[in-house]
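Student: Take this structure, written in structure tokens, and hold onto it; I'll ask about it next.
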Amino acid sequence: YGPGQRVAPGQGVIAHWMHAIAVDEPVHLFGDPFVARDYVYVEDVARAVGMIAVTNYSSHPVLNIGSQMPTTLVQLLEHIGAAGAAFL
């Protein structure tokens, strides 16, 4: 997630929810509210890729970039609601 993320079908829930808050529309939660995902900010991913580019990882052909903090949709909605409320 991060700046410039498109609000389009099949794209991230964060962009959809932030857009809904920005235009004063209802936030929709589809699916299991307790499913957990590892949401990673785009600048953190870019920083990790930059570090990988200057490091020899030949013994590790696969790397996983993540926050190591699973967040449920319920938790995410609470965070986004709090962030949206701060701008009201």
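Student: Which residue is modelled with the highest pLDDT, if the candidates are limited to segment 55-81 and must be under 16 Å from LEU29 (Cβ atoms) and open to solvent by 50 Å² or more (accessible area, probe 1.4 Å)?
Tutor: GLN75
Student: Could you grab the pairs with beta carbons closer than 7 Å, sequence gap of 6+ or different chains, first residue in segment 55-77 and in a loop (DSSP other than H, G, I, E, B), second one open to solvent by less than 60 Å² (accessible area, probe 1.4 Å)?
Tutor: Listed pairs, sorted by first residue: LEU63/ILE52; ILE65/VAL40; ILE65/VAL45; ILE65/ALA48; GLY66/VAL40; SER67/TYR39; SER67/VAL40; PRO70/ALA36.
Student: Looking only at segment 23-54, filter to residues that are in contact with a Gly (Cβ under 8 Å, 6 or more places away or on another chain) and outside any loop (DSSP other than H, G, I, E, B); which one of those is surrounded by the most Cβ atoms within 10 Å (Cβ to Cβ)?
Tutor: Checking each candidate, the answer is VAL42.
Student: Ok, one more. Kindly check whether there is at least one residue in segment 31-44 that is farther than 23 Å from ALA83 by Cβ, among the aromatic types (Phe, Trp, Tyr) and over 11 Å from the mean Cα position of the chain (by Cα).
Tutor: no
The values are calculated or read from the model by the stated rules, or taken from the named source; none is laboratory data. This is a predicted model, so every value here is computed, not measured. Cβ atoms come from the backbone with ideal geometry, glycine included; neighbour counts cover every protein chain shown. Accessible surface is based on the protein model in full, side chains and every heavy atom, while ligands, DNA and RNA are left aside. Shrake-Rupley method; radii C 1.70, N 1.55, O 1.52, S 1.80 Å.
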